[in-house]
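The values are calculated or read from the model by the stated rules, or taken from the named source; none is laboratory data. Computed from a predicted model, the values in this text were never measured in an experiment. So basically every Cβ, Gly included, is an ideal-geometry build from the backbone, and we count neighbours across all protein chains shown. Heavy atoms of the whole protein, side chains included, go into the accessibility calculation; ligands, DNA and RNA do not. Shrake-Rupley method; radii C 1.70, N 1.55, O 1.52, S 1.80 Å.
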Amino acid sequence: MRDAHGPVEGPDPDAGLVLAVLAGTYLVELETQRVECSLAGRLRRGPRDRVVTGDRVTVERLGDGSARIVERRPRRTRLVRRTSHGRGIQVLAANLDRVALAFSAADPDPDPSMLDRLLVLAELSDLEALVVVNKMDLVDATSDALEPFEPVRRAGYPILPTSVRSGRGLEELRSDLTGSVTVLAGPSGTGKSSLLNALLPRAGLRVGQVSERTGRGRHTTVAARLFSLPGGGYLGDTPGLQYAGLPPVAPAALARAFPELRALSGDCRFSDCRHRAEPECAVRRAVDAGRLPDSRYRSYLALLDEVEEGGAAGRGGA
Ligand SMILES: Nc1nc2c(ncn2[C@@H]2O[C@H](COP(=O)(O)OP(=O)(O)O)[C@@H](O)[C@H]2O)c(=O)[nH]1
Ligand SMILES: [Mg+2]
Ligand SMILES: [Zn+2]
């Protein structure tokens, strides 16, 4: 019961959080319930990602019991990728705190260049990243299964070994994620749905499904879906990230998306050094001296090619 006297404080009853977008319908969590909403006409004009998972919105209840989103509130963060055609950007989710990148110790084997690409996408979206190495039960305790993740650990990213099968690391992951808004992304088959089911008893996601399959050349949903964590916060998945091209960025912004390059680039001779073959390049020097792992540098060069081909460089696209 509310106190009839004095100002009413606390959450705004019409403010909601978009948990999922499904075929033009928006699943919105309000203070006390979840409602399916449509979009007010003026929000329907313009880009298709005008309202995405994670957006904070204002909802208006209509007399017939339905509801619609009448306002999108300012975004704190945006998880972006390049649109599948063209040079624009597509927003996959808003207001995330972190991305948890799920890889597996085996089956499939780790793919360091994919990991570097996803880390760069997280950095370009201003999101924290952590790396989950799942299926640790498939490798024995003395193996060097974490070796492929060493360059990334050295770059400063947290690495958390887990196994849905044995339960290893799940408590740690759960407590780490509690209280923040995180999506899991990563290659197919690494155990993302299994991890979500283990952490969210009621999510009921299908395991072993390739959710990102395309039929007749058309992409199925790539949008993120959030579930509330028992102790607070939200966790979800975002199938769209693993095939993602980088959004158009300037080469300098790409270099800043690698923490270890960021730390070195001030020491290059040229302030606009792209760290390829320029003289007196501090990054090259670090690679040659073994201080910067080859794999990270190769990933940078591959992504630099992609960014330059995308036309962002020198055309004001940044
Ligand atoms: N051995 C082992 N298998 C796992 C583990 N986690 C998931 N799997 C299996 O890996 C396959 C792919 O899992 P899924 O959750 O669908 O992966 P997703 O494509 O990333 O969502 C399924 O057969 C799961 O049973 C794990 O920790 N250990
Ligand atoms: Mg899955
Ligand atoms: Zn350089």
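A cut-off of 5 Å between modelled amide H atoms, ignoring neighbours fewer than 5 places along the same chain, links residue 128 with 99. Paramagnetic label reach from residue 188 (point 7 Å along Cα→Cβ; backbone nitrogen cut-off under 16 Å): within the stretch 243-258, residues 243-244. A simple count of charges around residue 260, restricted to other residues whose Cβ falls under 15 Å of its Cβ and scoring Lys, Arg +1 and Asp, Glu -1, yields +3.
Computed over protein heavy atoms with a 1.4 angstrom probe, the accessible surface ordering of 49, 176, largest first, is 176, 49.
Summarising the label geometry, the points placed 7 Å from Cα in the beta-carbon direction at residue 138 and residue 165 lie 0.8 nm from one another.
Computed 3J(HN,Hα) for the stretch 30-40, one whole-Hz value per residue from the Karplus formula 6.51 cos²θ - 1.76 cosθ + 1.60 where θ = phi - 60°, is 9, 3, 10, 7, 10, 10, 8, 10, 9, 10, 4, glycine and proline marked x.
Against the chain, whose longest principal axis comes from its Cα atoms, helix 112-124 is set at around 60 degrees. Modelling each spin label as a point 7 Å along the Cα-to-Cβ direction, I'd like the residue 48/residue 76 distance in nm, to one decimal. Placing both labels 7 Å beyond Cα along the Cβ direction yields 2.8 nm. When the Cα atoms of the stretch 1-160 are aligned to their principal axes, the ranges along those axes come out at 64, 46, 25 Å in descending order. With one equal scatterer per alpha carbon and no solvent term, the Debye-computed log10 I(q)/I(0) for the stretch 83-125 at 0.17, 0.18 1/Å reads -0.63, -0.69. Using alpha-carbon pairs under 8 Å, 6+ residues apart, how would you state the relative contact order of the chain in percent? Averaging sequence separation for qualifying contacts and normalising by length gives 15 percent for the chain. Using the empirical formula 2.2 N^0.38 Å as the baseline, the Cα radius of gyration of the chain reaches a ratio of 1.09.
Across the stretch 115-270, C-alpha contacts under 8 Å between residues 6 or more apart give a mean separation that, scaled by the residue count, equals a relative contact order of 22 percent. Accessible area ranking (1.4 Å probe, heavy atoms, ligands and nucleic acids excluded), largest first, for 296, 153: 153, 296. Placing dummy labels 7 Å off each Cα toward the beta-carbon, the span from residue 270 to residue 62 is 5.9 nm.
Rolled with a 1.4 Å probe across the full set of protein chains, the surface gives residue 262 an accessible area near 110 Å².
For the stretch 225-318, the relative contact order is 29 percent, taking Cα pairs closer than 8 Å that sit 6 or more residues apart in sequence and dividing their mean separation by the residue count. By a 1.4 Å probe calculation restricted to protein chains, residue 80 has an accessible surface near 10 Å², given to the nearest 10.
Taking the Kirkwood radius as Rh and the Cα radius of gyration as Rg, the stretch 42-123 has a ratio of Rg/Rh equal to 1.11.
Going from most exposed to least, what order do 69, 89 have by accessible area with a 1.4 Å probe?
89, 69
Rounded to the nearest 20, the size of the Cβ-charge dipole of the chain about its Cα centre is 1080 debye, with Lys and Arg at +1 and Asp and Glu at -1. Ranking 134, 62, 239 by how far each Cα lies toward the positive end of the dipole of the chain (charges on Cβ) leaves 62 at the top. By the helix-only formula, in which each DSSP H run with n ≥ 4 contributes -39500 (n - 2.57) and the sum is divided by residues, the chain has a 222 nm mean residue ellipticity of -6000 deg cm²/dmol.
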